[in-house]
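*Asks:* Handing you this structure, nothing more for now.
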Amino acid sequence: MKDLIRVLTISALLAAGGSALAEPAPRTPNDCGVPGHACNPPPEPLAFPTSFFGAKLAVTDFKRATDFYVGLLGLQEGPRYNDHEQGLLFDGGGPLIVLWLDTCGTAASAPRPPTSPGKVAAMLASCDRRFRAGAGWVVVRVSDVRRTAAALTAAGYDAPTHEYAAPGRPHATLALTQDPDGNIVEITGR
């Protein structure tokens with residue numbers, strides 16, 4: 001049956017004036033191989049190097065969050081940028097976590113004026129739709145996952161551990177917990 005279909009296909013090509021053994025048409029830079037569809041060329045590389053700088057995590061109380069991240073997870077207290085942003089550093093300075101004070105739902109819940117232009121800044125400044133405490137997820141790498149999980153458990157946090165296989169680490173250990181505001185904290189080993 002396949003041979004019959006092949007013969008019919010070749011016959012149809014020859015009848016239409018084509019060659020059954022013709023080379024495929026050369027591709028142009030914007031041709032992704034889909035007939036009638038021009039793909040976009042790859043973007044030009046940025047003119048400067050990029051790297052991961054850090055992440056913001058919404059919290060409702062700086063002291064309580066700092067006690068958790070510095071006191072229990074071993075991060076270092078970093079710069080205080082303004083009245084609603086407190087930096088936390090990993091050992092050696094590495095990437096940064098910025099604790100962002102979420103005042104919505106508290107006594108100080110009046111919306112803040114936007115600090116930057118644009119829709120995103122206006123959204124963050126309002127209490128309608130924004131990045132809220134308890135909606136984040138951060139991954140922290142520690143030297144001893146089990147010891148860190150035990151310290152969290154002793155402090156009253158649910159921090160069970162489990163083993164999993166990861167590339168190059170057939171017996172990796174992970175713990176999942178939540179910070180005082182309900183943000184998920186994934187704790188992994190080095």
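*Asks:* Run residue 119 past the list (1) at pLDDT 85 or above; (2) over 20 Å from the mean Cα position of the chain (by Cα); (3) among the basic types (Lys, Arg) and report the number of the one that doesn't hold.
*Replies:* (1)
*Asks:* Also: Name the one entry in 68, 48 that is out of contact with any Cys (no Cβ under 8 Å at 6 or more places or on another chain), among the aromatic types (Phe, Trp, Tyr) and modelled with pLDDT of 80 or more.
*Replies:* On the way: 48 fails: modelled with pLDDT of 80 or more.
Step by step, each of 68, 48 is checked, and only 68 is out of contact with any Cys (no Cβ under 8 Å at 6 or more places or on another chain), among the aromatic types (Phe, Trp, Tyr) and modelled with pLDDT of 80 or more.
*Asks:* Another question, then. When only residues in the stretch 54-92 that are under 12 Å from residue 140 (Cα atoms), more than 20 Å from the chain's Cα centre (by Cα) and not hydrophobic (A, V, I, L, M, F, W, C) count, which is surrounded by the most Cβ atoms within 10 Å (Cβ to Cβ)?
*Replies:* 74
*Asks:* When both residues are 6+ apart or on different chains and their Cβ atoms are under 8 Å apart, which pairs have a first residue that lies in the stretch 76-91 and is free of Cβ contacts under 8 Å to residues at least 60 places away in the same chain, and a second that is hydroxyl-bearing (Ser, Thr, Tyr) and part of a strand (DSSP E or B)?
*Replies:* 87/81
*Asks:* Could you list, in sequence order, the residues of the stretch 152-182 that are part of a helix (DSSP H, G or I) and surrounded by 17 or more Cβ atoms within 10 Å (Cβ to Cβ)?
*Replies:* 152
The values are calculated or read from the model by the stated rules, or taken from the named source; none is laboratory data. These numbers come from a predicted model, not from an experiment. So basically every Cβ, Gly included, is an ideal-geometry build from the backbone, and we count neighbours across all protein chains shown.
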